[in-house]
Amino acid sequence: MAASNYESTAMFAPPGVDVIESAEGELLLRSRQPLKLYERCLGEYFQHWAHTAPARPFLMERGPDGDWRGVTYREALDRVRRIGTWLLGRGLSAERPVLVLSENSVEHGLLSLACMHVGIPIAPISPAYSLLSRDFGKLKKIVEALQPGVIFVGAQSRFAAALSVLRGLHDATVVTRDPSPTDGAVSFDALTDKVDLAAVGNAFAAISPDTIAKFLFTSGSTDEPKAVINTQRMLCSNQQAILQLWPFLEDPPVLVDWLPWHHTFGGNHNFNLTLCNGGTLYIDSGRPMPGAFATTLGNLREIAPTVVFNVPRAYDLLASALRADGALRERFFSRVRLLFYAAAGLPQHVWDALKALAHETLGREVPMVSSWGLTETAPAATSCHYRAERAGVVGLPIPGCELKLVPVGQKLEARVRGPNVTPGYWKRPALTAESFDEDGFFRTGDAMRFVDRSRPERGLFFDGRLGENFKLSTGTWVHVGGLRLRAVAALSALAQDVVVTGHDRDEVGLLIFPNLDACRSLCHVSHDAAPADVLEHPAVRATVAAGLVALARSGSGSSTHAARALLMAEPPSIDADEITDKGYINQRAVLARRAAYVERLYGSPRDPAVVLLVEAAREAERRLSS
């Protein structure tokens, strides 16, 4: 169907998609824009910008004195060649890759580029597995699976406990940012002492599109980490597709970005987008959580980004900050061209707030878009490269990536095929085989639905995970993804996130992970107040009750709202896979680990901590009539 009636700007390529329906009801979607030629490896983009814009800042971060420090493209290429020389002398390969345990940093970025420049895979691992975990279980399994030849950490003392646990599981050389390392570790600065341009050049020339660039880990709802193979072909084809859809990237982007490089969103989408388009990345050490977000706001007061990438929770916090601080608002919107969200659904009220703030500041809206993809797709598989009408639209297939929608019950499962799709999981042939269908499409387990089936160029909505949905005892399906998003919006005054319950029950319930700081504010109690006392406070319970009423009023039946809720005093556990370090809740893992709370939620006699919709509705009616 033609896209002539749909709004497009010079920022975006016009949306267009071909849809082919099979006799079995499967739908095959392809972009009408063919994928153009792309480089054989990321190093080609890197060398281009080092020669074209050598003095342009590339990677920047705060130094100990609070000032920005970093490297230009020319400086980065020189250091990468030196680090590459050191790496080539260590006997490294896909069988002995480089493991990174630390957060984003200039050194982390240079090490990643050096590995990819000489054909050695790098495996960035969530620092939470080293710093927040109590048993280091995931970290031990990862090290046993990869057998790294080098392990990079930041300050050695911070990672001492993890490194101690890993002894005996590997023979890797530990590299640290510390200038005076201990226990046989090597200082990162020592990696740049020598350079062998011939050896590095030969290694670089040997890289092909099929060379493994990275291992990125995803664990899903199991405790068995999976190493997703990321090839140079995946990374480069993905960036070429993004550039074709977002031609405004020809003006080198400026990012202020915290998203971790051990995730595909931060490490592949954002880092590579900066690199391939000759941009500048200011590494933000803030996080979208109370207290830590102040660091992000401080950075945004100094550096005005041209493109913003973030998760929905951060945009919620940002909207509040922009509303309260006119100077920050003026600075933030001074040159931003695009707001992009992913990793979770964006509540509509946050979308509306940011649109209003942009219009108030600039007299016009700033496009706010999303996309959809996975670690296995490097990451983009679809892109909303046009002005969507509301939150949640993930767009259309990117050039070169085919999307097959397969009927599964009442849903359409999304499956993908293209140069951006992984060849499989490292040393897991059985898992790799079962992850692809008979036509070579990767089975994502995610569902999609059309914004408007009669006008497919308007794009797709993400429609939840197939494995998350369930039936009530009445036989009615509960679509968890959409209900969770609506519930978070209805409980936005206190809920950090929610988990939807009710499988084979008579009604839907919610396990609520509260924002304790927000709850304390509702109660007007001190920060030291015990979580249990805060969650039992009448003001908190009344707010939950009001949220349940609002959710019920916006729904259309028993499967579209919650009849009961229970607040969780214990935060979600990263060791138990209940949460990622981006703050995304794993529904299945929470329900498995907290089965006793689900029983409390539905138990008889009723647990006094449970908030019931029926009681909340009666109280609301009483207030209206009095």
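What nm value, rounded to one decimal, do you get for the distance between Ala160 and Glu621 when each label is placed 7 Å out toward the C-beta?
Result for the modelled spin labels: 6.4 nm.
Looking at the chain only, what percent of DSSP beta bridges run antiparallel? Nearest 5 please. Spell out each step's value before the answer.
Details: 54 of 84 bridges.
Bridges in the chain are about 65 percent antiparallel.
Apply the Karplus parameterisation 6.51 cos²θ - 1.76 cosθ + 1.60, with θ equal to phi minus 60°, to every residue of the range 10-21 and state each ³J(HN,Hα) to the nearest whole Hz, in sequence, with x for glycine and proline.
Each residue's phi maps through the Karplus curve to give 4, 5, 10, 6, x, x, x, 8, 9, 10, 10, 9 Hz.
Taking θ as phi - 60°, what are the ³J(HN,Hα) couplings along the range 269-280 by the Karplus curve (6.51, -1.76, 1.60), each to the nearest whole Hz, with x for Gly and Pro?
The phi angles translate into 5, 7, 4, 5, 4, 4, 4, 6, 10, x, x, 10 Hz.
Whose amide H sits under 5 Å from the amide H of Val369, counting only residues 5 or more places off or on another chain, with H placed in the peptide plane?
Here Leu339, Phe340, Tyr341 satisfy the definition.
Quote to one decimal, in nm, the extra length available between Leu169 and Val408 on full extension: 0.36 nm per residue of separation minus the C-alpha distance between them.
Values: separation 239, 0.36 × 239 = 86.04 nm, distance 4.29 nm.
Result for the pair: 81.7 nm of gain on full extension.
Per DSSP helix of 4 or more residues, -39500 (n - 2.57); summed, then divided by the residues of the chain. What does that give at 222 nm, rounded to the nearest 500?
Values: 21 runs with 209 residues, N = 626.
Here the helix-only value at 222 nm equals -10000 deg cm²/dmol.
Would you kindly state how much longer the chain becomes between Glu536 and Arg323 on full extension, computed as 0.36 nm times their sequence separation minus their alpha carbon distance, in nm to one decimal? Walk me through the intermediate numbers first.
Values: separation 213, 0.36 × 213 = 76.68 nm, distance 3.09 nm.
Full-extension gain reported as 73.6 nm.
Going by average Cβ density within 10 Å per residue, which order do the peptides 514-522, 534-542 take, highest to lowest? It would help to have the intermediate numbers written out before the result.
Numbers: 514-522: 19.4, 534-542: 17.0.
Per-residue Cβ counts within 10 Å, averaged per peptide and sorted highest first, yield 514-522, 534-542.
Can you list residues from other chains, or at least 5 along the same chain, whose modelled amide H is less than 5 Å from the amide H of Val174?
Under 5 Å from the amide H of Val174 lie the amide H atoms of Ile151, Val186, each far enough along the sequence or on another chain.
Can you flag which of Lys138/Lys214; Lys140/Lys214; Lys36/Lys427; Lys140/Lys427; Lys214/Lys427; Lys36/Lys411 are past 24 Å Cα-Cα?
Numbers: Lys138/Lys214 18 Å; Lys140/Lys214 19 Å; Lys36/Lys427 32 Å; Lys140/Lys427 17 Å; Lys214/Lys427 14 Å; Lys36/Lys411 33 Å.
Violating the 24 Å limit, Cα to Cα: Lys36/Lys427; Lys36/Lys411.
What is the extension gain from Ala292 to Arg335, computed as 0.36 nm multiplied by their sequence separation minus the C-alpha to C-alpha distance, in nm to one decimal? Can you show the working numbers first?
Working: separation 43, 0.36 × 43 = 15.48 nm, distance 2.46 nm.
Full-extension gain reported as 13.0 nm.
Search the structure for amide H atoms under 5 Å from the amide H of Thr501, placed 1.01 Å from N in the peptide plane, and list their residues when 5 or more places away or on another chain.
Amide H neighbours of Thr501: Gly509, Leu510, Leu511.
Looking at the P(r) of the range 163-240, how many percent of alpha-carbon pairs lie beyond 20 Å?
Of all Cα-Cα pairs in the range 163-240, 63 percent lie more than 20 Å apart.
Among (i) 3, 11, 21, 24, 20, 12, 7, 2, 0, 0; (ii) 3, 14, 23, 26, 21, 10, 3, 1, 0; (iii) 3, 15, 26, 27, 19, 8, 2, 0, 0, which is the computed P(r) over Cα pairs in 10 Å bins from 0, in percent?
(iii)
Nothing charged except the Cβ atoms of Lys and Arg (+1) and of Asp and Glu (-1): what's the magnitude of the dipole of the range 1-130 about its Cα centre? Round to the nearest 20 debye.
Numbers: 13 positive and 15 negative charges, 130 e Å.
Dipole magnitude for the range 1-130 comes out near 620 debye.
What are the extents of the Cα atoms of the range 470-625 along their three principal axes, in Å, largest first?
49, 46, 29
What is the distance, in nm, between label points placed 7 Å from the Cα along the Cα-to-Cβ direction at Glu434 and at Ala23?
Computed distance between label sites Glu434 and Ala23 equals 3.1 nm.
Only the coordinates and a few stated rules stand behind these numbers; no lab work does. These figures come from a predicted structure and were not determined experimentally. Using ideal geometry, Cβ is built from the backbone for each residue, glycine included, and neighbour counts are taken over all protein chains shown.
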